[in-house]
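Undergrad: Below: one structure in structure tokens.
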Amino acid sequence: MKTSEQSDWHKAVSASELADRRQAVVKPKGRQILVLQHGNQVFACDNRCPHEGHPLAKGVLDDECRLTCNWHNWKFDLVSGETIRGGDQLRRYPVRRTNGMIEVDLTEPPAAETRQAALTGLRTAFDEHDYTRLAREAARFEQAEGDFRELLIAAFDWAAAGLEDGTTHAHAAAPDWLALRSRLPEAQPADRLVPLVEILGHASWDALQQPGTFPLASGQADAFDADALTAAIEAEDEDAAIRLARAGLAEGGGALFRPVLERAALRHYQGFGHSVIYAFKTYQLLELLGPDAAPALLLPLVRSLCVGTREDLIPEFRAYAPALAAWDGTGTDMPNVDDFRGASVARCLDLIAGGSSDVDALYNVLMHAASDAMLYYDARFREQFDGPIGHNIDWLDFSHALTQLNASRMICGRQPKLWPAALLQAGCFLGRNAAFVDWDQDVGHWAVDEPDALFDGIFVGLLDHGQPTYIFVAHTLKLASALRAEIDHQPDAPWVPTALAALNRFVHEPAKQKHVRRSAHQAWSFVSGAG
Ligand code: FES
């Protein structure tokens, strides 16, 4: 968009003609400008309504200079410029009379002003989760040569105080959306807008899910202390952890305490893998958005690590901590994928410990076993409505095992000492999911002959996914991105065909996004004391 400090007056309509007709639509420089006379006052504004572009010339101007667009009843005060009803701002233009002509000044405002106006509108849309306005304001921002990173940093900053549990899948999916955007040609700017709008919409949605706000602790510790941050997270002392993280940001930026957060993410089998995934994806996002994003991204991550559910404390996973403590790295009895079929959590942990001398080989076996379990997921559990809550198992329970392994490999590449925790946690997934597979089903038709075509189809399809629930879209994107990364890393690994088949099945048998009957049955059973 061009800007100019010079005025750019254009003849619009003769004053006498306007006095007769009261309004005129003129098209200087290819724009549609509506010129209106109200008493002795003359106004000029865009003829295309800022909502959906219908002609304001077909609207109604009332005695108080309020212009109504009749398509959806938005109302604009032509004197103040305020949008009285509706959202986006109507652009108005200066007018003057010269030699009997009404002229309009089409000078573009400075791009910075346009970007700021778009950000202001975006904030309102964000707070209301107004998806189509998010798209319009993001488009205005981009067309004013705005840097998408500024847009997203602002959005994650707005979201932070609305997220009681900190980081969400909105953060975790964002790097994958941006990777998808980077693969789209610049000649397709509208398609390149899709990832931005999905990120904005998801962050907005998540921030609105809990009533109230949950401000992060203000102030910062006197000095950064890695041990103190570790201890604060372990003690679930969120305020202390946030203040220490702020000190870390001031002293060395987010990189300073990345190792601490990664270790904290793997300290427990926690949040059903979310902590590991979030720690990896948040830093991936930080690299894409730049250091200015650190407070908006890392403080919610610290919160999420403090409040994450520590599932290694519940009976099903009690074998995890002793297995980790007993890990000595000497096991040479490498399990194979079939050993994990039907194995309990404790058995899975034993199997993994048996091969502890070779973490790379174990990683490959676990990728294979997690892919195998996903491929054979018993989809009858997706339809079941009268079982116990513990049987509420769907695709995402399986996809997390794979995305967790992807995140673990990246984290453990930096911190190899975390491999035992990462591998044993993968075993927790396998043991937990083992009861929800049907090994007798025929899965041969899910085999993938052309992996690139599968991935291309998924990624292109996500640009017009049509699904109402962000979190399911995020999981499709995250799983496909994680498997793409893992297969690129080891194209000939033995688990690749199984992982591709599992992904293929997953995208063709999407998750059930709402369980109406199950919720009612389980609630009834629980409340009646029978559950
Ligand atoms: S197009 Fe004008 S209010 Fe919707």
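Undergrad: Does any residue in region 38-63 that is touching a residue at least 60 places away in the same chain (Cβ under 8 Å) come within less than 6 Å, Cβ to Cβ, of a residue that is near the ligand (Cβ under 10 Å from one of its atoms) six or more places away or on a different chain, and which pairs are these?
TA: Note: pairs meeting the criteria are PRO50/ASP88; PRO50/LEU90.
Undergrad: Mind checking which strands (runs of 3 or more DSSP E) fall wholly inside region 71-112 and carry at least 3 residues that are modelled with pLDDT of 95 or more, within 16 Å of the ligand (Cβ to nearest atom) and surrounded by 12 or more Cβ atoms within 10 Å (Cβ to Cβ)?
TA: Once the strands (runs of 3 or more DSSP E) in region 71-112 are filtered for at least 3 residues that are modelled with pLDDT of 95 or more, within 16 Å of the ligand (Cβ to nearest atom) and surrounded by 12 or more Cβ atoms within 10 Å (Cβ to Cβ), what remains is 75-77, 83-85.
Undergrad: Can you name the residue in region 147-181 that is under 22 Å from PHE472 (Cα atoms) and surrounded by fewer than 18 Cβ atoms within 10 Å (Cβ to Cβ) and, of all such residues, is farthest from the chain's Cα centre (by Cα)?
TA: Applying the filter and picking the extreme gives GLU164.
Undergrad: Looking only at region 328-345, filter to residues that are surrounded by fewer than 18 Cβ atoms within 10 Å (Cβ to Cβ) and small (Gly, Ala, Ser); which one of those is nearest to TYR377 (Cα to Cα)?
TA: Of everything passing the filter in region 328-345, GLY342 is nearest to TYR377 (Cα to Cα).
Undergrad: Quick one: how many residues across region 309-344 are in contact with a helix residue (DSSP H, G or I) (Cβ under 7 Å, 6 or more places away or on another chain), acidic (Asp, Glu) and free of Cβ contacts under 8 Å to residues at least 40 places away in the same chain?
TA: 2
Undergrad: Of all residues in region 28-52, how many are in contact with a strand residue (DSSP E or B) (Cβ under 8 Å, 6 or more places away or on another chain), over 21 Å from ARG85 (Cα atoms) and in a loop (DSSP other than H, G, I, E, B)?
TA: 2
Undergrad: Sticking with this structure for a sec: Among all residue pairs at least 6 apart or on different chains, which show Cβ distances below 6 Å where the first residue, located in region 142-171, is closer than 12 Å to LEU289 by Cα and the second is surrounded by fewer than 18 Cβ atoms within 10 Å (Cβ to Cβ)?
TA: Partner pairs satisfying both residue conditions: ARG149/GLY290; ILE153/ASP292.
Undergrad: Considering region 250-265 alone, what residues qualify as being open to solvent by less than 40 Å² (accessible area, probe 1.4 Å) and of a type in the set (A, V, I, L, M, F, W, C)?
TA: Result: PHE257, VAL260, LEU261, ALA264, ALA265.
Undergrad: Against the condition open to solvent by 50 Å² or more (accessible area, probe 1.4 Å) and either within 28 Å of TYR470 (Cα to Cα) or not in a helix (DSSP H, G or I) (or both), how does ASP63 come out, does it pass?
TA: Yes.
Undergrad: Given the criteria at pLDDT below 95, surrounded by fewer than 19 Cβ atoms within 10 Å (Cβ to Cβ) and among the hydroxyl-bearing types (Ser, Thr, Tyr), does SER218 qualify?
TA: Criteria met by SER218.
Undergrad: Also, quick follow-up: Against the definition (farther than 30 Å from GLN441 by Cα, open to solvent by 20 Å² or more (accessible area, probe 1.4 Å) and assigned to a helix (DSSP H, G or I)), how does ALA325 come out, yes or no?
TA: So ALA325 passes the test.
Undergrad: So which of ASP20, ASP46, ASP63 is within 15 Å of the ligand (Cβ to nearest atom) and of a type in the set (D, E, K, R)?
TA: ASP46
The values are calculated or read from the model by the stated rules, or taken from the named source; none is laboratory data. All values derive from a computational prediction rather than experimental measurement. When we count neighbours, we look across all protein chains shown, and the Cβ atoms used for this are built from the backbone with ideal geometry, even at glycine. Surface accessibility is based on the protein's heavy atoms, side chains included, excluding ligands, DNA and RNA. Shrake-Rupley method; radii C 1.70, N 1.55, O 1.52, S 1.80 Å.
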